[in-house]
Amino acid sequence: MLKSIRAALAMSVITLSAFGASSAFAAPLKVVASFTVIADFARNVGGDRIDVTTIVGPDGDAHVYEPSPADAVAMAKADIVLVNGLHFEGFLQRLVDASATKASIITLTKGVTPIDFKPEFADADAAEGTGGGKTVTDPHAFQSIANAKIYVKNIAEAFCAADSEGCVSYQTNAAAYTKKLDALEGEVKAAIQSIPEAKRVVITSHDAFGYFEHEYGLTFLAPQGISTDSEPSAADVAKLVEQVKQDKAAAIFVENITNPRLIEQIASETGIKVGGTLYSDALSQPDGPGSTYIDMMHNNIRQIKGAILGS
């Protein structure tokens, strides 16, 4: 893999040299986003002043993603690389090293108050060293809309630092998009409030919705922690089935990034009907119901509310 990455990088250097350095100033800011949610934020802030390349695409799982030579080429050419941080992108350091990028790497969770995984997942994930280092911190901070606004602020600041001439444009775009996120946040809170408290328990594939739970008061149960690469044991599944029966979960969902087999097994054993698909770590394909962050959140809350209330 490293050999093919280096060969691809060598070709890109030849191509860039042929065009000369003078054309770089006329080109849009070259931005690499680690996954689709960040790419969507970047486009809303950057507009036509940026050119975005996304590493982990629609319906992709950043936890188990293996970088390609094309990813290394994009990183090598980038002016800015936008990442989630908190060990979300397990591939990141390998890709940075392979590409030898000189781009500014911006961690968008800077300023976010992180939360820990639930105890049943923290030990297992720490033991696995998910993301290249032991952690019990939940990296899915973007599942809180309040945190999404912090990501957007950090992106605008990074773009301003790299392209001072476009700073007013970036700030204006960020402010307009933040207003849309404010409205979205109001809709999500209202939807949760419409669900009786006793029914605010749902099941998903892996523990990706901790920030949503923390922010909006819905309880999520899951058979897997952060690492979608590992299979939960039969004992873990049996324990979850028992917990589901005790907590009287109102709905069960598959996630767009995970194999539905495990969730279908739990649905069968608990008698709870699968309520649909939630988008957790990635947006949908462009023609899907969650092709932007705002669409993703609308889809998720609509699916949850519909499954629980039967509407």
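The values are calculated or read from the model by the stated rules, or taken from the named source; none is laboratory data. This is a predicted model, so every value here is computed, not measured. Positions of Cβ are backbone-derived with ideal geometry, glycine not excepted, and every protein chain shown enters the neighbour counts.
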Within the stretch 173-208, restricting attention to residues that are more than 24 Å from the chain's Cα centre (by Cα) and surrounded by fewer than 18 Cβ atoms within 10 Å (Cβ to Cβ), which residue is farthest from residue 297 (Cα to Cα)?
198
Only one of 211, 170, 216 is at pLDDT 95 or above, touching a Cys at 6+ places or on another chain (Cβ under 7 Å), buried (at least 18 other Cβ atoms within 10 Å of the Cβ) and not hydrophobic (A, V, I, L, M, F, W, C). Can you tell me which?
170
Which residues, taken from the stretch 277-287, are in a loop (DSSP other than H, G, I, E, B) and either within 11 Å of residue 256 (Cα to Cα) or touching a helix residue (DSSP H, G or I) at 6+ places or on another chain (Cβ under 8 Å) (or both)?
279, 280, 281, 282, 283, 284, 285
Just to check your reading of the model, which residue among 244, 274 is at pLDDT below 85, closer than 22 Å to residue 305 by Cα, in contact with a strand residue (DSSP E or B) (Cβ under 9 Å, 6 or more places away or on another chain) and surrounded by 13 or more Cβ atoms within 10 Å (Cβ to Cβ)?
244
Name the pairs whose Cβ atoms lie under 7 Å apart, with the first residue in the stretch 135-153 and assigned to a loop (DSSP other than H, G, I, E, B), the second polar (S, T, N, Q), and 6 or more positions between them or separate chains?
139/84
Given the criteria at pLDDT 95 or above and hydroxyl-bearing (Ser, Thr, Tyr), does residue 54 qualify?
yes
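Could you list all residues from the stretch 62-75 that are small (Gly, Ala, Ser) and crowded, with 21+ Cβ neighbours inside 10 Å?
Within the stretch 62-75, 62, 72, 74 qualify.
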Filter the stretch 53-76 down to the residues that are within 21 Å of residue 100 (Cβ to Cβ) and not in a helix (DSSP H, G or I) and list them by number.
53, 54, 55, 56, 65, 66, 67, 68
Taking the criterion of being modelled with pLDDT of 95 or more, assigned to a loop (DSSP other than H, G, I, E, B) and out of contact with any Pro (no Cβ under 8 Å at 6 or more places or on another chain), would at least one residue in the stretch 300-308 satisfy it?
no
